[in-house]
1. Tell me, which helices (runs of 4 or more DSSP H) lie completely within the stretch B:87-200 with 3 or more residues that are farther than 30 Å from residue B:18 by Cα and within 12 Å of DNA strand D (Cβ to nearest atom)?
2. Does residue A:30 fit the bill of being under 20 Å from residue A:103 (Cα atoms), in contact with a strand residue (DSSP E or B) (Cβ under 7 Å, 6 or more places away or on another chain) and away from every other protein chain (no Cβ under 12 Å)?
3. Within the bounds of the stretch B:118-138, is there any residue that is in contact with a strand residue (DSSP E or B) (Cβ under 9 Å, 6 or more places away or on another chain), buried (at least 17 other Cβ atoms within 10 Å of the Cβ) and at pLDDT 90 or above?
4. Taking residue B:126 as meeting all but one of (1) more than 15 Å from the chain's Cα centre (by Cα); (2) within 14 Å of another protein chain (Cβ to nearest Cβ), write down the number of the exception.
5. What tally of residues in the stretch A:83-102 results from selecting those that are closer than 17 Å to residue A:6 by Cβ and either surrounded by 21 or more Cβ atoms within 10 Å (Cβ to Cβ) or touching a helix residue (DSSP H, G or I) at 6+ places or on another chain (Cβ under 7 Å) (or both)?
6. Among the listed residues B:145, B:172, which satisfies the condition of being within 13 Å of DNA strand C (Cβ to nearest atom) and either outside the structural domain of residue B:29 (by TED's automatic domain parsing) or closer than 24 Å to residue A:184 by Cα (or both)?
7. For the stretch B:41-69, which positions are buried (at least 20 other Cβ atoms within 10 Å of the Cβ) and over 16 Å from residue B:97 (Cα atoms)?
8. Is it the case, given these coordinates, that residue B:166 is modelled with pLDDT of 90 or more, out of contact with any strand residue (DSSP E or B) (no Cβ under 7 Å at 6 or more places or on another chain) and more than 25 Å from residue B:95 (Cβ to Cβ)?
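The values are calculated or read from the model by the stated rules, or taken from the named source; none is laboratory data. All of these numbers come straight from a predicted model, not from anything done at the bench. Note: ideal-geometry Cβ built from the backbone for every residue, glycine included; neighbour counts use all protein chains shown.
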DNA sequence: GAAGCGATATGACAGCTGTCATGTGCGACA
DNA sequence: TGTCGCACATGACAGCTGTCATATCGCTTC
């Protein structure tokens, strides 16, 4: 019997996934969580084989959860189930040590199948995404990424400088670097391009 | 027996919702569709009582589907199930004549309950959203909205002017109007604020 | 130890943006 | 018929942005 937990913040999807899992006779649902912290607590308590989770969750992302599992040397393995099909996300997920990455676009039959493979120690990636694992590298540095995020929110260079403790000119330098790395014409376009690739 | 159809483009969610509906003894699932056009075809064929659908779908949005039902004078009623909790969306949905608007955040028990109410002719709105029906009006004119969308994509005033056939100064005037109506500090922030409210 | 690199910074300049004053033409409406 | 509001436009100006050249400091690497 494979012991599974679901961590997903949207109640409807969480319970619908539970219903779907409930149809499988060889998989047992041992708990559900609505945010990262609760998920972590329940994992410690139940030690499930597999945790189904989204990337974006309040409190802790699915990727942070995966990294935590590795750090705590638990056998619980993380299976990401998400809408995000941006190239950078899969890469970061793999680097975080997740055991599987499924798109919500895929057929539901893939879900139970993926759970079984992950429980057996295999690594599972949505076929639509497999080719993306080798796609473009994120060219942005941490600082460029951070400043780009602030610019995206509508802060001007002065406000970003205050926020980060950098000089105003330095802010413009970093944004310039990001803009030119991304082949954009201005910071807005740069932020949009980076977000589309999953680099923000 | 209430006859229900599901129109949802994400396969996993579609089938999970089907599993959830399958648990109810007084509700019968008569079909599922992955896009708006297929949904329309199946509705004509099966004439379900209620269609569960998302707003964003390839081909035809859930709102367009609702408007179509009204135009074709069908008794089939549309129940929107979506993630979008932006004020403008609910308003637009109600104007399109949908019979219900549920958030995916809500508990799954609310789903069957909402289906029953909608089938009985009632109008259902997620309680989290009820107060938003009277929330702020969209202050933007069509032109301001359009230019704001282009600005959001990273075009500068010159490029927007070319795109729209307006003079460059006029573009800046419209954006200025949008910025000041929204209380923003620049076009980026204005676009962000408008999008958060569901006005873009 | 020298060379190279990344993070941080400054200054300068052309071009873009946000703001305001002001004007024209057109349709709506009392 | 006059007036109001809206769409569209111009010009001007301060401030912001994108770009480039250049410099310092600390860390890595051969």
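1. Here the list reads B:142-152, B:157-164, B:168-182, B:187-197.
2. no
3. The answer is yes, given that some residue of the stretch B:118-138 is in contact with a strand residue (DSSP E or B) (Cβ under 9 Å, 6 or more places away or on another chain), buried (at least 17 other Cβ atoms within 10 Å of the Cβ) and at pLDDT 90 or above.
4. Going through (1) more than 15 Å from the chain's Cα centre (by Cα); (2) within 14 Å of another protein chain (Cβ to nearest Cβ) one by one, residue B:126 breaks only (1).
5. 5
6. Testing whether each residue is within 13 Å of DNA strand C (Cβ to nearest atom) and either outside the structural domain of residue B:29 (by TED's automatic domain parsing) or closer than 24 Å to residue A:184 by Cα (or both) leaves just B:172.
7. Residues satisfying the conditions are B:43, B:48, B:57.
8. no
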